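The structure appears below as structure tokens.
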Amino acid sequence: MNEHVNMPTLSERADELEEKMMHDLAERVATKSVLFGMADGKIEMLNGFEFKKNNPDKYFLMGADPRLPKMPAKPTLIDFFKNRFASLNHLLQSAKLALKNGHSEKIVLACLLHDIGVASFIRCDHGYWGAQMIEPYVDEEVSWAVRMHQALRFFPDSSVGYEYPQMYINNFGADYKPEPYIVRDYENAKNHKWYMSARLICVNDIYSFDPNAKVELDDFVDIVGRNFKQPEEGLGFDNSPSSHMWRTLMWPTRYL
Ligand SMILES: [Fe+2]
Ligand SMILES: [Fe+2]
């Protein structure tokens, strides 16, 4: 028997691919960006022209994805915490520990926000992404600390009792060595006036994985209110250098 008999044709495969890359939401079709496919080891994107040729009556999604929690018209940072962050536990516990250790509101906020890159957006270089997202809205020291915790995580500092995390040996292997750009940023941060702020993120981070501790987001609403310059127009609509990032979080499946 010809083993190719049941193989899909090229155009069937294209249809299959399109099917995989978009979701028909009755009225609008949600599309996946190339990055989403790369997480499955594939570099591919929907051919919009072909799709419209075969589905002339369909439109692409150009706004909110109804499968995701609804965002208010003028979203605040807290709305993103509640509706777009996959997990709050680690952030809340880090901030709580910083509070317990008597640190300033700046440091508490830095701990609360240090991993928002991971919680909402992307793991790779999460400190840099997270810092960029918050930069227009927080004290420069806070975003600097969030950016630099990315590098400092990989280097011990005995003056504050911070050791290379055992968790990293478990997760990345004993032979993992930080890349040259991480080493460079660590070296630069070491002599910076805000070094200790970034270091404190690491110190309050590492002991923050207690699955039984209960911390509520409400505990930090006032600190956020005093230290995060919430734009009146809503986060994403204020024309800051990072507002497009917040919009993308809000509408991750927009066609353009
Ligand atoms: Fe982190
Ligand atoms: Fe963390």
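The values are calculated or read from the model by the stated rules, or taken from the named source; none is laboratory data. A quick note: this is a predicted structure, and the numbers were derived from the prediction, not measured. Methodologically, a virtual Cβ is constructed for each residue, glycine included, from the backbone with ideal geometry; neighbour enumeration extends over all protein chains shown. In case anyone asks, the SASA skips ligands and DNA or RNA and just uses the protein heavy atoms, side chains included. Shrake-Rupley method; radii C 1.70, N 1.55, O 1.52, S 1.80 Å.
A compact table of results
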item: Helices (runs of 4 or more DSSP H) wholly inside segment 185-256 containing at least 2 residues that are under 30 Å from Val29 (Cα atoms); result: 243-250
item: Counted residues, segment 170-185 - those being surrounded by 12 or more Cβ atoms within 10 Å (Cβ to Cβ) and within 14 Å of ligand 1 (Cβ to nearest atom); result: 4
item: Pair list, Cβ under 6 Å, 6 or more apart: segment 78-99 residue of a type in the set (Phe, Trp, Tyr), other residue open to solvent by less than 40 Å² (accessible area, probe 1.4 Å); result: Phe81/Leu217; Phe85/Ala119; Phe85/Ser120
item: Criterion violated by His149 - all others in (1) under 29 Å from Lys82 (Cα atoms); (2) away from ligand 1 (no atom under 14 Å from the Cβ) satisfied; result: (2)
item: Filter result (out of contact with any Lys or Arg (no Cβ under 8 Å at 6 or more places or on another chain) and either outside any loop (DSSP other than H, G, I, E, B) or free of Cβ contacts under 8 Å to residues at least 24 places away in the same chain (or both)) within segment 56-71; result: Pro56, Asp57, Lys70
item: Residue under evaluation Met167, criteria (1) open to solvent by less than 70 Å² (accessible area, probe 1.4 Å); (2) of a type outside the set (Lys, Arg); (3) within 12 Å of ligand 2 (Cβ to nearest atom), criterion not met; result: (1)
item: Counted residues, segment 137-164 - those being crowded, with 17+ Cβ neighbours inside 10 Å and among the small types (Gly, Ala, Ser); result: 3
item: Any hit, segment 115-130, residues being away from ligand 1 (no atom under 13 Å from the Cβ), of a type in the set (Lys, Arg) and surrounded by fewer than 16 Cβ atoms within 10 Å (Cβ to Cβ); result: no
item: Total residues in segment 186-208, condition open to solvent by 50 Å² or more (accessible area, probe 1.4 Å) and touching a residue at least 60 places away in the same chain (Cβ under 8 Å); result: 1
item: Qualifying position, being under 30 Å from Val29 (Cα atoms) and surrounded by 16 or more Cβ atoms within 10 Å (Cβ to Cβ), among Ile134, Ile78; result: Ile78
item: Top-ranked residue of segment 112-129 - restricted to ones that are assigned to a helix (DSSP H, G or I) and away from ligand 2 (no atom under 13 Å from the Cβ), ranked as nearest to Leu249 (Cα to Cα); result: Ser120
